[in-house]
Structures are given as C-alpha cells and as structure tokens.
Ligand code: PEP
Ligand code: MN
C-alpha cells in the first residue's frame, strides 16, 4: 500500500502515523520530500482504515483488500459440496434450474422433474421473493420451501433458494442445501450451508468479492459466486451480462463462479446463447429459470425457458463444455 500525506504535514504527525502502522505489524518505508511525504506499507493491510487520519491525502492499494477469497493465499481451486453435488473448477459444470417462484407442490414437482430430465443437478426456486414492487407476489414463504423439500425427495436434487431475512435462518439451515443471497441483498448472515453469493446490480467485481470475504471472515468458506448481470445504460436487456467476470474471478479468487443468464438478460430468447457463452467463458455452473408455462408464471415469465427449450440449450452447452475439456 502506498500512502502520501498532505503538503506541510508536521513532523510529529508523520511520526504518529509511522508509529501507528508499525504497531499494526506493518513494515513502513518513509520517503521524505520537500513538500510531500510518501509511505510504503508492506504486510497485511486489509485492516487498515487509512482515511481516518486528516493528514493522509492519497492511498493506493497495491494488493487486493480481500484475503480469504484471494487466490494468492489459497492457490488451489475451492470445490463446494452442495448437498452432494460438487461445484468448482475441475468438477462437472453444475446446473441449477427451476422456476423464479415456487407456486405450489405440483408446479415444483413438475418443473423439478423437467429440469432433471434436461440435465440439471440442483433445483432452484424462490419462496421469498425480492420484488421491485411491494404489490407483486412476494413468495409462498415456508410453504414454498416445503414444496421444494418434496421436490428434493422426489428427484434427489439438492435445493437452492434465496434467504431474505435473518429470522428465516433456522428454516434455511434445516431445509435448504444452498442458500442464495440475492443481487438486491448485500446482507451477510452467519450461515453454515454453502452460500450462492449473487453479484449486486451496481457492484464492482472487487465489491462483490468483498461481500464473499465477509461471509468467509464470518467463518463460512463455502461460497460460490454468481454473475447475474449488472445495471448499465442498455435497455434491450434487463441487465448487462458481464461474462469477463468469470475469468477475472478465477484469476483473483479460488472460489467457484457460476452464471445466471436469466436475470442477466430478462429475455427467454437470449438465455440459450448466454448459457453457451457462459460455459465457453469457463463458468463452473449455471443458474437458469425454467417454467412449463412461462406466460402464466407468477414471476419472471419473460425470461423463463420451457423444460424442452432448457434441454435443448443444455445439449448445446454440453458440446461447448466438451470442446473446452470440461464435463457437463
Ligand atoms: C433470483 O434468482 O430469483 C433472483 C431474484 O436473482 P437476483 O438476486 O440475481 O436478481
Ligand atoms: Mn427471477
């Protein structure tokens, strides 16, 4: 980390700054100029709250502010066991598919069977929904989770669902295999299950990694990142899918990264090409919304594939996976 102080910083203030950093276990190199002073700090700078001092002018981070997620400190790829399905580099590309919202037991079972036939290995569904409007359907809540549990019993697929508030943690710890923390939700809870950490709509890659770092610093290393599109000026798509995030996450971290082409595009005709592109980019998995009757889906019908369209898209993805030396 390189820090410069303001013009005319008194000598005693410089000494205090050096003293403080040294007490934090850092090696400090001070370069003194006529007007300005520059510090080089070497060591673990992740805990430095550098702007707290009024004499500090400019801070340049040389190393990333995250440690646990950082590939530098953990070169091997992390593989996360999601209720028996392993997700990560070197493993089979894992696909979680299902409706945006669980609408009842019959719907959940029918879609779970449909996506399993198409090659999904986890069943996703929303029981608590983060909706833009307070008047939209908010999810079946506990009933929806229990419908997913029935779908797991029937298909053997682990289940993935979004947690929206802390008071539901016991329910999720008991029933859900992978806890999704959504794009609109930067909260970090104490959880003991694998966490699917979706990228926030307006979050940089570093901020998104830092949100994973929070979960890891809290003692849970089982984090999977999910690129789901970010907000840009583009209006033809719901969000803009940032596929370059996939190789960047692999370079910067050891965590698995998956792609959600459904929320990224908002349009069912764009989902298949983006599934294929995500596999080509090296994603460790996909999260796809599927409904047998998209026009009557209770939420996000416009971006849902039918089970048949999902199976067709999966067949194309498998060919791409094969071409890049991965199994799907
Ligand atoms: C979802 O997966 O149902 C969802 C709401 O996703 P996101 O948080 O990415 O919008
Ligand atoms: Mn949705």
Being within 24 Å of the chain's Cα centre (by Cα) and part of a loop (DSSP other than H, G, I, E, B) is the filter; apply it to region 94-114 and report the residue that is nearest to ligand 2 (Cβ to nearest atom). 100
For region 204-218, state whether one or more residues are within 16 Å of ligand 2 (Cβ to nearest atom) and either surrounded by fewer than 22 Cβ atoms within 10 Å (Cβ to Cβ) or in a loop (DSSP other than H, G, I, E, B) (or both). no
Scan region 115-136 residue by residue and report those that are surrounded by fewer than 21 Cβ atoms within 10 Å (Cβ to Cβ) and either closer than 11 Å to residue 291 by Cβ or within 12 Å of ligand 2 (Cβ to nearest atom) (or both). 130, 131, 132, 136
Give the residue that is farthest from residue 114 (Cα to Cα), with candidates limited to residues of region 302-328 that are assigned to a helix (DSSP H, G or I) and within 16 Å of ligand 1 (Cβ to nearest atom). 302
Restricted to region 283-296 and to residues being in contact (Cβ under 8 Å) with a residue 60 or more places away in the chain and outside any strand (DSSP E or B), the residue farthest from residue 249 (Cα to Cα) is 292
What number of residues in region 302-312 are crowded, with 18+ Cβ neighbours inside 10 Å and either within 16 Å of residue 263 (Cβ to Cβ) or modelled with pLDDT under 95 (or both)? 4
The lone condition residue 221 fails out of (1) outside any helix (DSSP H, G or I); (2) within 20 Å of residue 162 (Cα to Cα); (3) within 16 Å of ligand 1 (Cβ to nearest atom) is (3)
Here's a check for you: in region 148-177, which residue that is in contact (Cβ under 8 Å) with a residue 60 or more places away in the chain and within 16 Å of ligand 2 (Cβ to nearest atom) is farthest from the chain's Cα centre (by Cα)? 159
Boolean, residue 299 is buried (at least 17 other Cβ atoms within 10 Å of the Cβ), within 16 Å of ligand 1 (Cβ to nearest atom), touching a residue at least 12 places away in the same chain (Cβ under 8 Å) and assigned to a helix (DSSP H, G or I): no
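Quick grid of which residues meet (1) surrounded by fewer than 22 Cβ atoms within 10 Å (Cβ to Cβ); (2) part of a loop (DSSP other than H, G, I, E, B):
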site: 140; (1), (2): no, yes
site: 153; (1), (2): yes, no
site: 183; (1), (2): no, yes
site: 202; (1), (2): yes, yes
Here are 64, 117, 108: which of them is touching a helix residue (DSSP H, G or I) at 6+ places or on another chain (Cβ under 6 Å) and farther than 19 Å from residue 258 by Cβ? 108
Test: residue 268 is within 15 Å of ligand 2 (Cβ to nearest atom) and closer than 21 Å to residue 94 by Cα: yes
Answer with yes or no whether residue 145 is within 16 Å of ligand 2 (Cβ to nearest atom), without any contact (Cβ under 8 Å) to a residue 60 or more places away in the chain and over 30 Å from residue 206 (Cα atoms). no
Identify all residues within region 250-267 that are within 22 Å of residue 162 (Cα to Cα) and either away from ligand 1 (no atom under 15 Å from the Cβ) or part of a strand (DSSP E or B) (or both); write none if there are none. 255, 256, 257, 258, 259
Among residues belonging to region 263-279 that are more than 16 Å from the chain's Cα centre (by Cα) and under 22 Å from residue 223 (Cα atoms), point out the one that is surrounded by the fewest Cβ atoms within 10 Å (Cβ to Cβ). 275
Starting from region 188-202, take each residue that is farther than 15 Å from residue 264 by Cα and at pLDDT 95 or above and list its partners that are more than 10 Å from ligand 1 (Cβ to nearest atom) and part of a loop (DSSP other than H, G, I, E, B), counting only C-beta distances under 6 angstrom and pairs at least six apart or across chains. 194/222
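The values are calculated or read from the model by the stated rules, or taken from the named source; none is laboratory data. Every value quoted in this text rests on a predicted model; they were computed, and no experiment measured them. Every residue, glycine among them, receives a Cβ derived from its backbone with ideal geometry; neighbour counts consider all protein chains shown.
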